[in-house]
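Report on the following structure.
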Amino acid sequence: MKIIAYGIRDDEKPYLDKWSEENPDVEVASTGELLDESTVDQAKGADGVVVYQQKPYTAAVLDKLGSYGVKFMSLRNVGVDNIDADAAKRNGIQVTNVPAYSPEAIAEFTATELMRLLRRTNTFDRKIAHGDLRWAPDIAEELNQMTVGVFATGRIGRAAIRIYKGFGAKVIAYDIFHNPELEKEGIYVDSPEELYAKSDVLSIHAPATKENEHMLNDDAFSKMKDGVYILNPARGILVDTDALIRALDSGKVAGAALDVYEDEVGIFNTDFGSFDKIPDERLKNLIKRENVLVSPHIAFYTKRAVRNMVYFAMDANKSLINTGKSDKLVKL
Ligand code: NAD
């Protein structure tokens, strides 16, 4: 049995090597290149491919995989929206993903950023860099005195709730599906509007669906408390960036931590050499603000998460090849 893993980064390679050692019955090939028309030939002779990229998995690529008899494709990430579903079906290619590799990684990062906002560490770091060691006027707020509104109580939302409670915050939540355990605790409110009206901090953990697109827009911001803090470690498209900038300008939003951004593809995880060369004026506008923390989609980026992405995808691919089954099969 042979599996080829595409787009393997340096930080993933040690985990792939370890998996390979632990699975001597599988011949593992790997490349740092992404799966596209110029690299798909490397899959000839393999039984399955393991991949992770934002670049599309096009019909041309999937047709070639099909013609080489490669019927199993395992993603090391969650999102499958960049796969040409018709082409995958036409070629009988089964796809798995890794729906959860470490919800705690994202939750811990979100809480870190919230504490940085509340304790004004970005402002103090900048002041200290200029030799200004004064306290005022940058007095902080305490999370234990605040109400955190968690939008969506899936895996990451629930991990975040555990952390916020640990800080002594009051937690309320909104979700179209009520988790039975949380339901018992009575933390759910009935509508997004109620969540907006009651929260000092909004922690967003919903997936990017058509109906959620720009859910945080001018109208939503107008329903929030004055001086609300916004945390978006979910998907950039959930927030109307122009509306957020207006809400920051007016003071409606006191601070925001954004690990995702609606135009992040091709920008995040790239070294532009200098701040000025970042090719997105709106993003630079946000980064320049002391009360906005922009991070380049790194909430997931921990050793445990990267290990799990590699291991879960390789395990799923091997299982598909051996048995035609996997608990991580995706319906395209
Ligand atoms: P999940 O599937 O476990 O949970 C999603 C929850 O959202 C579910 O409870 C669902 O009922 C709820 N939901 C869906 N639509 C809703 C709506 N319109 N209103 C209210 N609730 C709604 O997902 P998860 O694993 O917790 O991931 C949450 C988000 O985090 C996703 O957007 C995911 O893409 C993102 N994410 C970010 C990173 C990162 O590094 N920043 C890493 C992984 C995942």
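The values are calculated or read from the model by the stated rules, or taken from the named source; none is laboratory data. All values derive from a computational prediction rather than experimental measurement. Ideal geometry is used to build each Cβ from the backbone, glycine not excepted, and the neighbour counts take in all protein chains shown. Accessible surface areas use protein heavy atoms only, side chains included; no ligands, DNA or RNA. Shrake-Rupley method; radii C 1.70, N 1.55, O 1.52, S 1.80 Å.
Look at the range 125-138: where a residue is modelled with pLDDT of 95 or more and a partner is surrounded by 10 or more Cβ atoms within 10 Å (Cβ to Cβ) and of a type outside the set (Val, Ile, Thr), sitting 6+ places away or on another chain with Cβ atoms under 6 Å, you get Asp138/Arg120.
I'd like the residue in the range 225-240 that is crowded, with 16+ Cβ neighbours inside 10 Å and more than 16 Å from the ligand (Cβ to nearest atom) and, out of all such residues, is farthest from the chain's Cα centre (by Cα). Going through the qualifying residues, I end up with Lys225.
Looking across the range 136-160, the residues that are more than 11 Å from the ligand (Cβ to nearest atom), touching a helix residue (DSSP H, G or I) at 6+ places or on another chain (Cβ under 9 Å) and not acidic (Asp, Glu) come down to Ala140, Leu143, Met146, Thr147, Val148, Gly149.
Summed over the range 168-213, residues that are outside any helix (DSSP H, G or I) and crowded, with 16+ Cβ neighbours inside 10 Å total 20.
Residues of the range 241-264 being more than 16 Å from the chain's Cα centre (by Cα), among the hydroxyl-bearing types (Ser, Thr, Tyr) and open to solvent by less than 20 Å² (accessible area, probe 1.4 Å), which ones? Matches in the range 241-264: Thr241 only. Taking every residue in the range 84-112 that is more than 13 Å from Ala234 (Cα to Cα) and pairing it with any residue that is modelled with pLDDT under 95, at least 6 positions away or on another chain, the pairs with Cβ-Cβ distances below 6 Å are Ala85/Leu332; Ala88/Leu332; Asn97/Val78; Asn97/Val80; Pro99/Val78. Checked against (1) outside the structural domain of Glu108 (by TED's automatic domain parsing); (2) farther than 30 Å from Lys18 by Cα, Ile267 meets all criteria but (1).
Would you call Asp86 more than 30 Å from Tyr229 (Cα to Cα) and either acidic (Asp, Glu) or in the same structural domain as Lys165 (by TED's automatic domain parsing) (or both)? In short, yes. A residue that is in contact (Cβ under 8 Å) with a residue 60 or more places away in the chain, within 14 Å of the ligand (Cβ to nearest atom) and over 22 Å from Thr123 (Cα atoms) occurs somewhere in the range 283-301.
Among strands (runs of 3 or more DSSP E) entirely within the range 1-107, having at least 2 residues that are open to solvent by less than 10 Å² (accessible area, probe 1.4 Å) singles out 2-5, 48-51, 72-75, 94-96.
Within the range 322-332, being open to solvent by 40 Å² or more (accessible area, probe 1.4 Å) and either of a type outside the set (S, T, N, Q) or part of a loop (DSSP other than H, G, I, E, B) (or both) holds for Lys325, Asp327, Lys328, Leu329, Lys331, Leu332.
Scanning the range 265-282 for residues that are closer than 29 Å to Ser250 by Cα, open to solvent by 50 Å² or more (accessible area, probe 1.4 Å) and within 13 Å of the ligand (Cβ to nearest atom) yields no hits at all.
Within the range 202-223, does at least one residue satisfy the condition of being more than 16 Å from the ligand (Cβ to nearest atom) and of a type in the set (Lys, Arg)? Looking through the range 202-223, none of the residues is more than 16 Å from the ligand (Cβ to nearest atom) and of a type in the set (Lys, Arg). Pairs are defined by a Cβ separation below 7 Å, a sequence spacing of at least 6 or placement on different chains, a first member in the range 147-166 that is over 24 Å from Glu193 (Cβ atoms), and a second member that is among the small types (Gly, Ala, Ser) and near the ligand (Cβ under 6 Å from one of its atoms); the pairs so defined are Arg155/Ala100.
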